[in-house]
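To start, the structure itself, in structure tokens.
The values are calculated or read from the model by the stated rules, or taken from the named source; none is laboratory data. As the structure is a computational prediction, the values presented were derived from the model and not from experiment. Note that each Cβ is placed from the backbone with ideal geometry, even for glycine, and that neighbours are counted across all protein chains shown. Note: areas computed on protein heavy atoms with side chains; ligands, DNA, RNA excluded. Shrake-Rupley method; radii C 1.70, N 1.55, O 1.52, S 1.80 Å.
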Amino acid sequence: MISKIEDYINQEKFDCIIGVSSYYSALVSLLKLNYNPKRIGWQHSTTERYFNLKGKFLWHQDAIVKNMFLNLNEYIVLTDIDKKELKKLYNVEVTRIYNPCSFKTNEKSKLNSKVFLAVGRLDKVKGFDKLIEAFYYFSLAFQMIRLRYQDCFLHIHKQALQFFLYLQLL
């Protein structure tokens, strides 16, 4: 599998390869390529979660982590806390880029749509189970008082296999 990824990248000659998450950041750092693209690791969660959570991600994988930092041109984190923690743990300089902030607009919704749309990876950590439960109670409340939102529905843009796990909650 990895050799196929390496063959593809060698063929396409990408300028930059970005590994999103600890696993893919480590993978990008280990690829054997016949040219020298920029290699970037992107930590999309906390340092605590990636490196210090027992049995998860890169917990107790110091050799892999040190090699990863040596072979990446850049490593990106989301917070200053993560940046400081990685400096303390591995003596590495990383780049902090915050997640985008919500936008502001002067235009307000007329609330005419009766569709609640949720888009995202259906992992427990994303809270779709809580969203489904909250929407259930929202629907019950509006059905009882017969307000205009009684026929609202929740649309979850999903990945097919994971969707069936959430059907059990309904």
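In segment 90-98, is there at least one residue being open to solvent by 60 Å² or more (accessible area, probe 1.4 Å) and under 30 Å from Leu154 (Cα atoms)?
For segment 90-98, residues open to solvent by 60 Å² or more (accessible area, probe 1.4 Å) and under 30 Å from Leu154 (Cα atoms): present.
Any residue in segment 63-76 that is part of a loop (DSSP other than H, G, I, E, B), in contact with a helix residue (DSSP H, G or I) (Cβ under 9 Å, 6 or more places away or on another chain) and surrounded by fewer than 17 Cβ atoms within 10 Å (Cβ to Cβ)?
Looking for residues that are part of a loop (DSSP other than H, G, I, E, B), in contact with a helix residue (DSSP H, G or I) (Cβ under 9 Å, 6 or more places away or on another chain) and surrounded by fewer than 17 Cβ atoms within 10 Å (Cβ to Cβ), one finds none in segment 63-76, hence no.
Is one or more of the residues making up segment 7-24 in a helix (DSSP H, G or I), over 23 Å from Asn99 (Cα atoms), free of Cβ contacts under 8 Å to residues at least 60 places away in the same chain and among the hydrophobic types (A, V, I, L, M, F, W, C)? Quick ask: steps written out before the conclusion?
Of all residues in segment 7-24, those in a helix (DSSP H, G or I) come to 7-12, 22-24.
Filter once more, so that each one left must be over 23 Å from Asn99 (Cα atoms): 7-12.
So of that shortlist, the ones also free of Cβ contacts under 8 Å to residues at least 60 places away in the same chain come out as 7-12.
This time we only want the ones that are among the hydrophobic types (A, V, I, L, M, F, W, C), so: 9.
Yes; the residues of segment 7-24 include at least one that is in a helix (DSSP H, G or I), over 23 Å from Asn99 (Cα atoms), free of Cβ contacts under 8 Å to residues at least 60 places away in the same chain and among the hydrophobic types (A, V, I, L, M, F, W, C).
When segment 3-32 is examined, which residues are found to be loosely packed, with under 14 Cβ neighbours inside 10 Å and under 18 Å from Ala63 (Cβ atoms)?
Listed by number, the residues that qualify are Tyr23, Lys32.
Answer with yes or no whether Val77 is aliphatic (A, V, I, L, M), over 24 Å from Lys126 (Cα atoms) and modelled with pLDDT of 90 or more.
So Val77 fails the test.
Restrict the check to segment 115-134 and report whether at least one residue is small (Gly, Ala, Ser), part of a loop (DSSP other than H, G, I, E, B), open to solvent by 80 Å² or more (accessible area, probe 1.4 Å) and more than 30 Å from Ser3 (Cα to Cα).
Taking every residue of segment 115-134 in turn, none turns out to be small (Gly, Ala, Ser), part of a loop (DSSP other than H, G, I, E, B), open to solvent by 80 Å² or more (accessible area, probe 1.4 Å) and more than 30 Å from Ser3 (Cα to Cα).
Every residue in segment 33-57 that is surrounded by fewer than 19 Cβ atoms within 10 Å (Cβ to Cβ) and more than 15 Å from Lys83 (Cα to Cα), please.
Passing the criteria: Leu33, Asn34, Tyr35, Asn36, Pro37, Lys38, Leu53, Lys54, Gly55, Lys56, Phe57.
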